[in-house]
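Taking it in order: structure first as structure tokens, then the write-up.
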């Protein structure tokens, strides 16, 4: 266990104080929603097929509940990483979501009000002293309707400690045979077929039983190409699309080689490639194995915000267009690595009617890789219609 200290003294001054809100420069377009579900491997016709959506509950294409994080200026991490921790890096540690009913459509203008919440320092086997910092993202539309609250957890750690303690045994992608890949595609289609079979129909609360298992969802094998596709679906990664907050990444304590100019509005006008986390700055470890190893990861790895989206999409796809996720609390134990697949399963643990009179199904969720390594766990409440 590393005995190095982690200086978090600068964080106190930011807790509970709102920071610059996030807002795109132009209204959302249906193609923004289509790009999102394509990147998140979520072929739900309600979110990309014009004709199918026109016959459904909303009469038009509707964004998935997971899309809210895609219209932030930093995939939900902003209020969870304010303050300087010298010579540090961060990864996502989890998300808690509350959804209040309003949905996102093309033409909407979403504002995210961001407020740092709290932090705690704990010892971990990954990097020794580690800061678990939380911040709230409050998403509103142009009418002031409160869409959702996202409480994100950032795991902030001393970069050198993570490199020193990290396992570098699995630096190569696993190899899949043609037969294995064909079998994977068959298994992946089972979840898609479930959505097709439900169509515009209702999944009734009355018919669900405690102990029921939700259909398995599989995505992957992940690759630098798939992670890049995900990155490009976050609207803040598009040049000129966001009212940039002007964050100074070095002031957060990122090491010089990772700080860069991500989200720098001045540099975006001068040399926008330097502001793009895919190439420079704290996000490039996801797509470049050499840089991944410099922050304690053995090879290219996925985005925590995408993992959160996979969970919400999985539950919402099962619930159907007449149901919705009302609350989810997820803990991320390890990222998706290139070459791996992600397997999602959930079990119904309770049926209740809540204080608001909503008919709720509670589930326990687990995300794992093909080796059985647990990547994330969650509990969630899903509202379903009744007969």
Would you call residue 20 out of contact with any helix residue (DSSP H, G or I) (no Cβ under 7 Å at 6 or more places or on another chain) and in a strand (DSSP E or B)? yes
Quick one: in segment 161-183, which of the residues that are part of a helix (DSSP H, G or I) and at pLDDT 90 or above is nearest to the chain's Cα centre (by Cα)? 181
Go over the candidates 281, 304 one by one and state the one that is buried (at least 23 other Cβ atoms within 10 Å of the Cβ) and closer than 30 Å to residue 174 by Cα. 304
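For every residue, the table says whether it meets (1) under 23 Å from residue 8 (Cα atoms); (2) touching a helix residue (DSSP H, G or I) at 6+ places or on another chain (Cβ under 8 Å); (3) surrounded by fewer than 16 Cβ atoms within 10 Å (Cβ to Cβ); (4) at pLDDT 90 or above.
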position	(1), (2), (3), (4)
80	yes, no, no, yes
108	no, no, no, yes
113	no, no, no, yes
125	yes, yes, yes, no
152	yes, yes, no, yes
155	yes, no, no, yes
Exactly one of (1) more than 30 Å from residue 206 (Cβ to Cβ); (2) surrounded by fewer than 20 Cβ atoms within 10 Å (Cβ to Cβ); (3) more than 15 Å from the chain's Cα centre (by Cα) is unmet by residue 322. Its number? (1)
Residue among 33, 61 that is within 17 Å of the chain's Cα centre (by Cα) and at pLDDT 95 or above: 33
Take the conditions more than 30 Å from residue 363 (Cβ to Cβ) and either in contact with a helix residue (DSSP H, G or I) (Cβ under 6 Å, 6 or more places away or on another chain) or at pLDDT 90 or above (or both) and apply them to residue 238. Does it pass? yes
Touching a residue at least 24 places away in the same chain (Cβ under 8 Å), within 15 Å of the chain's Cα centre (by Cα) and either farther than 19 Å from residue 156 by Cα or buried (at least 21 other Cβ atoms within 10 Å of the Cβ) (or both) - does that describe any residue in segment 42-55? yes
Test result for residue 100, free of Cβ contacts under 8 Å to residues at least 60 places away in the same chain, in contact with a strand residue (DSSP E or B) (Cβ under 9 Å, 6 or more places away or on another chain) and either surrounded by fewer than 16 Cβ atoms within 10 Å (Cβ to Cβ) or under 17 Å from residue 247 (Cα atoms) (or both): yes
Test: residue 117 is surrounded by fewer than 18 Cβ atoms within 10 Å (Cβ to Cβ) and either in contact with a helix residue (DSSP H, G or I) (Cβ under 8 Å, 6 or more places away or on another chain) or in a loop (DSSP other than H, G, I, E, B) (or both): yes
Can you pull out every residue in segment 1-28 that is under 20 Å from residue 70 (Cα atoms), surrounded by 14 or more Cβ atoms within 10 Å (Cβ to Cβ) and at pLDDT 95 or above? 28
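The values are calculated or read from the model by the stated rules, or taken from the named source; none is laboratory data. Model, not experiment: these values are computed from the prediction. Positions of Cβ are generated from backbone atoms using ideal geometry, with glycine treated the same way; all protein chains shown enter the neighbour counts.
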